[in-house]
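Remarks on the structure that follows.
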Amino acid sequence: MGYLDHISDLCAVTITRKGKRKTFETVDIKVKMDCDGCERRVKNAVSSLSGVKSVDVNRKQSRVTVTGYVEPKKVLKKVQNTGKKAEMWPYIPYNLVYYPYAPQAYDKKAPSGYVRDVSQAFLSPNNPTERLTTLFSDENPNACSIM
């Protein structure tokens, strides 16, 4: 039986994946869209990608949200191939930023409730004065509760 098992192992066809498996992602892209035709063109282009589960187009915010097993660079490239100016979504919600009016963070073109994602807008963990001022803050859940 050992010889037959060896022969069957040699003749067996094994299928291996050469590429790594894509992860489920949500990709946000900023795209300048003026009309329904622009919106439809972008939506159809992104929907044609393999692995896309849903496409949400918000013309008011100039935002396209793609959900699925996709790579962000491929989605961006597909949107740019439609002839529209596109970039990765550069904004984050206003309430997640410690300094929303930091240089380069406040953007007049940003949708309401959003600011630009820059490193100056976040609290530096190594700054000792900030740690001391937040030590007794009511907004800090780890603050001293003796008071």
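The values are calculated or read from the model by the stated rules, or taken from the named source; none is laboratory data. From a predicted model like this one, the values you see are computed outputs, not experimental measurements. Because the Cβ atoms are built from the backbone with ideal geometry, glycine has one as well, and the counts that use them run over all protein chains shown. Just so you know, the surface numbers come from the protein's heavy atoms only, side chains and all, with ligands and any DNA or RNA stripped out. Shrake-Rupley method; radii C 1.70, N 1.55, O 1.52, S 1.80 Å.
Quick notes on this one:
- The set of residues in the stretch 32-51 being surrounded by 11 or more Cβ atoms within 10 Å (Cβ to Cβ) and over 17 Å from Trp89 (Cβ atoms) consists of Cys38, Arg40, Arg41, Asn44, Ala45, Ser47, Leu49, Gly51.
- Hits in the stretch 45-68 (condition: assigned to a strand (DSSP E or B) and at positive phi): Gly68
- Conditions (1) modelled with pLDDT under 85; (2) closer than 25 Å to Lys22 by Cβ; (3) open to solvent by 100 Å² or more (accessible area, probe 1.4 Å); (4) not acidic (Asp, Glu); number of the one not met by Lys77: (1)
- Total residues in the stretch 103-117 satisfying the condition of being under 15 Å from Ser62 (Cα atoms) and open to solvent by 100 Å² or more (accessible area, probe 1.4 Å): the figure is 3.
- Scanning the stretch 69-90 for residues that are assigned to a strand (DSSP E or B) and either out of contact with any helix residue (DSSP H, G or I) (no Cβ under 9 Å at 6 or more places or on another chain) or acidic (Asp, Glu) (or both) yields one hit, Glu87.
- The sole residue among Val46, Val70, Val79 that is in contact (Cβ under 8 Å) with a residue 40 or more places away in the chain and over 14 Å from the mean Cα position of the chain (by Cα) is Val79.
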